[in-house]
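No lab work stands behind these numbers, since they all come straight from the coordinates. Since we're looking at a predicted model, the values are computed, not measured. Note that we place each Cβ from the backbone using ideal geometry, even for glycine, and neighbour counts take in every protein chain shown.
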Amino acid sequence: MLVAMDLTPKRAAESATEMVQVVLPNDANPLGFILGGTVMHLIDIAGAIACHRHTRSLLVTAAVDDLQFLHPIKVGDLIILKSRVTCVFTTSLEAQVDVYSEETLTGRRMLTSRAFLTFVAVAQNGSRIPVPPLLVETDEERQTCEEANVRREARLRRKRVTLQQPSV
Ligand SMILES: CC(C)(COP(=O)(O)OP(=O)(O)OC[C@H]1O[C@@H](n2cnc3c(N)ncnc32)[C@H](O)[C@@H]1OP(=O)(O)O)[C@@H](O)C(=O)NCCC(=O)NCCS
């Protein structure tokens, strides 16, 4: 069944998302810190939720920019993921995901990772579909989108280079 896309422009605030969960022993390495792979999984989900809320379409993850783990998150701490759409292109859009640890007993919060992800909107048959425009109203939102455009150029350049390299 063909579903008509609703291309009504939306504000980033309309799709901004916050995910919170407690780090359980099953999520941790032998040091009692959450596994990097688990954090990456949650980042993908948090970014996708914001983009789904913006596009209300199926999406695939096209790229995740380089990721750093600035501080460990311990078993018993909360992991908080805040995601928002930074910029919309034609059939793709970028989300920023900030990851925080929060100590349950003290409330001390630290930024542990920041990730930029690109998602591509697809129809059931896999074809790319246009995404609704992002309403950019403040100077800060304009600057965020300009920075996203710079990152987009860089990642498409990296993609071209990767595709040209011989495989191992
Ligand atoms: C991502 C994917 C759809 C791109 O397909 P493609 O034919 O190479 O891309 P196109 O040249 O048609 O570009 C489509 C859009 O994706 C963007 N795009 C494609 N590859 C990209 C990349 N590596 N990084 C960022 N954006 C990318 C393009 O800029 C374009 O955006 P625009 O329409 O907003 O300008 C395809 O490579 C794919 O299906 N990859 C696997 C996705 C996946 O399995 N993800 C994990 C599970 S969800």
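Brief remarks on what is shown
- A single member of Ser92, Ser113, Ser83 is near the ligand (Cβ under 8 Å from one of its atoms), within 14 Å of the chain's Cα centre (by Cα) and not β-branched (Val, Ile, Thr), and it is Ser92.
- For Gly107: the one exception among (1) at positive phi; (2) within 13 Å of the ligand (Cβ to nearest atom): (2)
- Residue match in segment 156-166 (condition: under 23 Å from Ala12 (Cα atoms), surrounded by fewer than 21 Cβ atoms within 10 Å (Cβ to Cβ) and in contact (Cβ under 8 Å) with a residue 12 or more places away in the chain): no
- Within segment 43-58, the residues that satisfy the criterion of being of a type outside the set (D, E, K, R), surrounded by fewer than 23 Cβ atoms within 10 Å (Cβ to Cβ), touching a residue at least 40 places away in the same chain (Cβ under 8 Å) and not in a strand (DSSP E or B) are Ala48, Ser57.
- Output for segment 139-168, where each listed residue is within 24 Å of Arg56 (Cβ to Cβ) and away from the ligand (no atom under 16 Å from the Cβ): Glu141, Thr144
- Boolean, Met40 is part of a loop (DSSP other than H, G, I, E, B) and not β-branched (Val, Ile, Thr): no
Conditions (1) under 17 Å from Glu18 (Cα atoms); (2) not basic (Lys, Arg), marked per residue:
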site: Ser92; (1), (2): no, yes
site: Ala95; (1), (2): yes, yes
site: Thr106; (1), (2): no, yes
site: Thr118; (1), (2): no, yes
site: Val136; (1), (2): no, yes
site: Arg152; (1), (2): no, no
site: Arg155; (1), (2): no, no
site: Leu163; (1), (2): no, yes
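- Residue satisfying all of: in segment 119-132; more than 12 Å from the ligand (Cβ to nearest atom) and in contact (Cβ under 8 Å) with a residue 24 or more places away in the chain; nearest to the chain's Cα centre (by Cα) among these: Pro132
- Leading residue by the ranking (nearest to the ligand (Cβ to nearest atom)) among those in segment 9-63 that are among the hydroxyl-bearing types (Ser, Thr, Tyr) and closer than 20 Å to Val85 by Cβ: Thr61
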